[in-house]
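The values are calculated or read from the model by the stated rules, or taken from the named source; none is laboratory data. Here the structure is a predicted model, which means the values were calculated and not measured. Positions of Cβ are generated from backbone atoms using ideal geometry, with glycine treated the same way; all protein chains shown enter the neighbour counts.
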Amino acid sequence: MGSTVSFRRPDGQNVQGYLAEPAQATGAPGVVVIQEWWGLNDQIRGVAERFAAAGYSALVPDLYRGKSTLEAEEAHHLMSGLDFGDAASQDVRGAAQYLMARAARVGVTGYCMGGALTVLSLVMVPEAAAGVVWYGLPPLDYVDASKIKAPMLAHWATQDGAFPIASVDALEAKLRAAGVAYVGHRYLAQHGFANETALGPRRLPITQYDSAWAQIAWDRTFSFFGKHLN
(Lines give C-alpha, C1' and ligand atoms only; values in the text may rest on other atoms or scores of the structure.)
Protein backbone atom coordinates (compact mmCIF):
# COMPACT_ATOMS: atom_id res chain seq x y z
CA MET A 1 0.00 0.00 0.00
CA GLY A 2 1.07 3.57 -0.66
CA SER A 3 1.37 6.49 1.71
CA THR A 4 0.71 10.21 1.88
CA VAL A 5 3.82 12.32 1.33
CA SER A 6 4.57 16.03 1.21
CA PHE A 7 6.58 17.61 -1.56
CA ARG A 8 7.57 21.12 -2.53
CA ARG A 9 6.35 23.00 -5.58
CA PRO A 10 8.83 25.14 -7.53
CA ASP A 11 7.30 28.22 -5.85
CA GLY A 12 8.15 26.78 -2.43
CA GLN A 13 4.63 25.83 -1.37
CA ASN A 14 4.29 22.40 0.25
CA VAL A 15 1.53 20.11 -1.03
CA GLN A 16 0.62 16.49 -0.51
CA GLY A 17 0.24 13.47 -2.70
CA TYR A 18 -0.17 9.72 -2.67
CA LEU A 19 3.02 7.74 -3.26
CA ALA A 20 2.97 4.07 -4.29
CA GLU A 21 6.37 2.42 -4.45
CA PRO A 22 7.56 -0.84 -6.02
CA ALA A 23 9.23 -3.64 -4.10
CA GLN A 24 12.60 -2.38 -5.37
CA ALA A 25 12.15 1.37 -5.03
CA THR A 26 15.83 2.33 -5.25
CA GLY A 27 16.57 3.47 -8.77
CA ALA A 28 13.04 2.69 -10.01
CA PRO A 29 11.69 5.02 -12.71
CA GLY A 30 9.00 7.45 -11.62
CA VAL A 31 5.55 8.34 -12.92
CA VAL A 32 3.41 11.30 -11.90
CA VAL A 33 -0.22 10.13 -12.07
CA ILE A 34 -2.80 12.90 -12.53
CA GLN A 35 -6.33 12.41 -11.17
CA GLU A 36 -9.65 12.58 -12.95
CA TRP A 37 -12.06 15.37 -11.95
CA TRP A 38 -13.27 13.26 -9.01
CA GLY A 39 -10.16 14.01 -6.95
CA LEU A 40 -7.57 11.82 -5.26
CA ASN A 41 -9.87 8.86 -4.63
CA ASP A 42 -9.48 5.10 -4.23
CA GLN A 43 -9.67 4.51 -7.98
CA ILE A 44 -6.70 6.75 -8.81
CA ARG A 45 -4.78 5.35 -5.84
CA GLY A 46 -5.36 1.95 -7.45
CA VAL A 47 -3.87 3.26 -10.69
CA ALA A 48 -0.76 4.33 -8.78
CA GLU A 49 -0.58 0.89 -7.16
CA ARG A 50 -0.78 -0.71 -10.60
CA PHE A 51 2.24 1.30 -11.72
CA ALA A 52 4.06 0.38 -8.52
CA ALA A 53 3.37 -3.30 -9.11
CA ALA A 54 4.98 -2.88 -12.53
CA GLY A 55 8.14 -1.41 -11.01
CA TYR A 56 7.48 2.36 -10.97
CA SER A 57 7.42 4.86 -8.12
CA ALA A 58 4.05 6.54 -8.73
CA LEU A 59 3.05 9.86 -7.16
CA VAL A 60 -0.48 11.32 -7.40
CA PRO A 61 -0.48 15.05 -6.54
CA ASP A 62 -3.51 16.08 -4.48
CA LEU A 63 -4.71 18.85 -6.80
CA TYR A 64 -7.91 19.49 -4.82
CA ARG A 65 -6.11 19.74 -1.47
CA GLY A 66 -7.91 16.89 0.26
CA LYS A 67 -11.27 17.12 -1.49
CA SER A 68 -12.85 14.39 -3.60
CA THR A 69 -16.40 13.54 -4.61
CA LEU A 70 -18.69 10.95 -6.15
CA GLU A 71 -21.09 13.56 -7.54
CA ALA A 72 -20.62 14.95 -11.04
CA GLU A 73 -21.92 18.41 -10.12
CA GLU A 74 -19.40 18.79 -7.31
CA ALA A 75 -16.62 17.33 -9.47
CA HIS A 76 -17.39 19.94 -12.13
CA HIS A 77 -17.28 22.65 -9.45
CA LEU A 78 -13.91 21.42 -8.15
CA MET A 79 -12.46 21.16 -11.64
CA SER A 80 -13.77 24.61 -12.58
CA GLY A 81 -11.99 26.07 -9.56
CA LEU A 82 -8.66 24.52 -10.52
CA ASP A 83 -6.01 26.70 -12.16
CA PHE A 84 -4.77 24.28 -14.82
CA GLY A 85 -1.61 26.23 -15.59
CA ASP A 86 -0.69 26.36 -11.90
CA ALA A 87 -1.52 22.68 -11.43
CA ALA A 88 0.75 21.66 -14.33
CA SER A 89 3.65 24.06 -13.77
CA GLN A 90 3.66 23.81 -9.97
CA ASP A 91 1.92 20.69 -8.56
CA VAL A 92 2.87 18.29 -11.34
CA ARG A 93 6.33 19.76 -11.79
CA GLY A 94 6.93 19.61 -8.03
CA ALA A 95 5.85 15.96 -8.03
CA ALA A 96 8.20 15.24 -10.93
CA GLN A 97 11.08 16.94 -9.11
CA TYR A 98 10.29 14.93 -5.96
CA LEU A 99 10.51 11.70 -7.95
CA MET A 100 13.67 12.86 -9.74
CA ALA A 101 15.45 12.81 -6.39
CA ARG A 102 15.13 9.01 -6.49
CA ALA A 103 14.64 8.20 -10.17
CA ALA A 104 16.79 8.86 -13.22
CA ARG A 105 13.71 9.40 -15.39
CA VAL A 106 10.15 10.45 -14.70
CA GLY A 107 7.04 10.20 -16.86
CA VAL A 108 3.64 11.86 -16.58
CA THR A 109 0.23 10.31 -17.18
CA GLY A 110 -3.36 11.28 -16.48
CA TYR A 111 -6.98 10.46 -17.14
CA CYS A 112 -9.84 12.71 -18.30
CA MET A 113 -9.04 16.05 -16.60
CA GLY A 114 -5.67 14.49 -15.83
CA GLY A 115 -5.20 13.72 -19.51
CA ALA A 116 -5.64 17.40 -20.33
CA LEU A 117 -3.17 18.25 -17.57
CA THR A 118 -0.72 15.70 -18.97
CA VAL A 119 -0.68 17.58 -22.28
CA LEU A 120 -0.06 20.85 -20.42
CA SER A 121 2.58 19.21 -18.25
CA LEU A 122 4.52 18.08 -21.31
CA VAL A 123 4.62 21.77 -22.25
CA MET A 124 5.45 23.07 -18.76
CA VAL A 125 7.44 20.31 -17.00
CA PRO A 126 10.89 19.94 -18.58
CA GLU A 127 11.69 17.10 -16.15
CA ALA A 128 9.15 14.85 -17.90
CA ALA A 129 10.93 12.26 -20.05
CA ALA A 130 7.69 10.84 -21.52
CA GLY A 131 3.94 11.32 -21.25
CA VAL A 132 0.83 9.18 -21.70
CA VAL A 133 -2.53 10.90 -22.18
CA TRP A 134 -5.80 9.09 -21.47
CA TYR A 135 -8.85 10.66 -23.18
CA GLY A 136 -8.46 14.29 -22.21
CA LEU A 137 -7.03 17.44 -23.78
CA PRO A 138 -6.95 21.15 -22.94
CA PRO A 139 -8.07 24.04 -25.17
CA LEU A 140 -5.59 24.15 -28.03
CA ASP A 141 -4.76 27.82 -27.39
CA TYR A 142 -2.95 26.69 -24.25
CA VAL A 143 -0.80 24.09 -26.02
CA ASP A 144 2.55 25.46 -27.21
CA ALA A 145 3.56 22.27 -28.96
CA SER A 146 7.02 23.68 -29.76
CA LYS A 147 7.85 23.28 -26.05
CA ILE A 148 7.01 19.55 -25.98
CA LYS A 149 10.37 17.79 -26.11
CA ALA A 150 9.40 14.43 -24.57
CA PRO A 151 7.79 11.58 -26.54
CA MET A 152 4.04 11.35 -26.10
CA LEU A 153 1.54 8.49 -26.31
CA ALA A 154 -2.23 9.03 -26.22
CA HIS A 155 -5.35 6.91 -25.89
CA TRP A 156 -8.53 8.40 -27.39
CA ALA A 157 -12.14 7.17 -27.46
CA THR A 158 -13.89 7.63 -30.79
CA GLN A 159 -17.30 7.85 -29.06
CA ASP A 160 -16.10 10.30 -26.41
CA GLY A 161 -18.88 12.71 -25.43
CA ALA A 162 -16.58 14.88 -23.31
CA PHE A 163 -13.64 15.27 -25.70
CA PRO A 164 -14.94 14.91 -29.29
CA ILE A 165 -12.62 13.16 -31.68
CA ALA A 166 -12.60 16.26 -33.93
CA SER A 167 -10.75 18.13 -31.17
CA VAL A 168 -8.23 15.27 -31.08
CA ASP A 169 -7.70 15.72 -34.83
CA ALA A 170 -6.85 19.39 -34.23
CA LEU A 171 -4.44 18.58 -31.40
CA GLU A 172 -2.70 15.89 -33.44
CA ALA A 173 -2.26 18.30 -36.36
CA LYS A 174 -0.62 20.79 -34.00
CA LEU A 175 1.70 18.11 -32.59
CA ARG A 176 2.69 16.96 -36.08
CA ALA A 177 3.43 20.53 -37.19
CA ALA A 178 5.74 20.98 -34.19
CA GLY A 179 7.56 17.69 -34.83
CA VAL A 180 6.54 16.12 -31.52
CA ALA A 181 7.42 12.42 -31.16
CA TYR A 182 3.79 11.40 -30.85
CA VAL A 183 1.74 8.23 -31.27
CA GLY A 184 -2.03 8.28 -30.81
CA HIS A 185 -4.31 5.26 -30.56
CA ARG A 186 -8.08 5.37 -31.09
CA TYR A 187 -10.50 2.94 -29.49
CA LEU A 188 -14.12 2.23 -30.38
CA ALA A 189 -15.13 3.18 -26.86
CA GLN A 190 -16.69 5.85 -24.70
CA HIS A 191 -15.10 8.32 -22.31
CA GLY A 192 -13.50 6.74 -19.26
CA PHE A 193 -13.08 3.34 -20.88
CA ALA A 194 -10.11 2.51 -18.63
CA ASN A 195 -11.85 3.48 -15.37
CA GLU A 196 -13.15 0.26 -13.83
CA THR A 197 -15.63 2.22 -11.68
CA ALA A 198 -17.44 3.51 -14.80
CA LEU A 199 -19.97 0.70 -14.53
CA GLY A 200 -23.46 0.29 -13.13
CA PRO A 201 -26.10 2.85 -12.25
CA ARG A 202 -23.71 5.42 -10.73
CA ARG A 203 -21.65 5.90 -13.88
CA LEU A 204 -22.08 9.04 -15.95
CA PRO A 205 -24.07 8.48 -19.18
CA ILE A 206 -21.04 9.49 -21.29
CA THR A 207 -18.68 7.02 -19.59
CA GLN A 208 -18.37 3.27 -19.98
CA TYR A 209 -15.62 0.96 -18.80
CA ASP A 210 -14.33 -1.47 -21.43
CA SER A 211 -11.99 -4.08 -19.97
CA ALA A 212 -10.67 -5.28 -23.33
CA TRP A 213 -9.69 -1.85 -24.63
CA ALA A 214 -8.40 -0.87 -21.20
CA GLN A 215 -6.02 -3.83 -21.14
CA ILE A 216 -4.69 -3.04 -24.62
CA ALA A 217 -4.15 0.60 -23.60
CA TRP A 218 -2.37 -0.45 -20.41
CA ASP A 219 -0.13 -2.84 -22.36
CA ARG A 220 0.79 -0.05 -24.76
CA THR A 221 1.43 2.31 -21.85
CA PHE A 222 3.79 -0.08 -20.09
CA SER A 223 5.62 -0.78 -23.34
CA PHE A 224 5.99 2.96 -24.00
CA PHE A 225 7.18 3.84 -20.50
CA GLY A 226 9.44 0.79 -20.47
CA LYS A 227 11.14 2.12 -23.59
CA HIS A 228 11.50 5.73 -22.49
CA LEU A 229 11.89 5.60 -18.70
CA ASN A 230 13.96 2.48 -18.01
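What the table shows:
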{"quantity": "Restricting the range 198-214 to residues that are more than 20 Å from residue 73 (Cβ to Cβ) and among the hydroxyl-bearing types (Ser, Thr, Tyr), the residue that is surrounded by the most Cβ atoms within 10 Å (Cβ to Cβ)", "calculated": "209"}
{"quantity": "Qualifying residue in the range 45-56 (condition: out of contact with any helix residue (DSSP H, G or I) (no Cβ under 9 Å at 6 or more places or on another chain), touching a residue at least 60 places away in the same chain (Cβ under 8 Å), β-branched (Val, Ile, Thr) and part of a helix (DSSP H, G or I))", "calculated": "yes"}
{"quantity": "Selection from the range 57-75 of residues that are touching a residue at least 12 places away in the same chain (Cβ under 8 Å) and not in a loop (DSSP other than H, G, I, E, B)", "calculated": "57, 58, 59, 60, 61, 68, 72, 75"}
{"quantity": "Extreme residue, nearest to the chain's Cα centre (by Cα), among residues of the range 201-230 that are among the polar types (S, T, N, Q) and in a helix (DSSP H, G or I)", "calculated": "221"}
{"quantity": "Residue 86 among the acidic types (Asp, Glu) and surrounded by 21 or more Cβ atoms within 10 Å (Cβ to Cβ)", "calculated": "no"}
{"quantity": "From 175, 120, 99, residue being in contact (Cβ under 8 Å) with a residue 40 or more places away in the chain, outside any loop (DSSP other than H, G, I, E, B) and within 24 Å of residue 223 (Cα to Cα)", "calculated": "99"}
{"quantity": "Condition met for residue 6 (among the hydroxyl-bearing types (Ser, Thr, Tyr) and either under 15 Å from the mean Cα position of the chain (by Cα) or closer than 21 Å to residue 224 by Cα (or both))", "calculated": "no"}
{"quantity": "Residue within the range 53-72 that is more than 13 Å from the chain's Cα centre (by Cα), modelled with pLDDT under 95 and either crowded, with 19+ Cβ neighbours inside 10 Å or within 28 Å of residue 143 (Cα to Cα) (or both) present", "calculated": "yes"}
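Every residue, every condition in (1) in a helix (DSSP H, G or I); (2) out of contact with any Ser or Thr (no Cβ under 8 Å at 6 or more places or on another chain), yes or no:
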position	(1), (2)
107	no, yes
138	no, yes
153	no, no
156	no, yes
171	yes, yes
185	no, yes
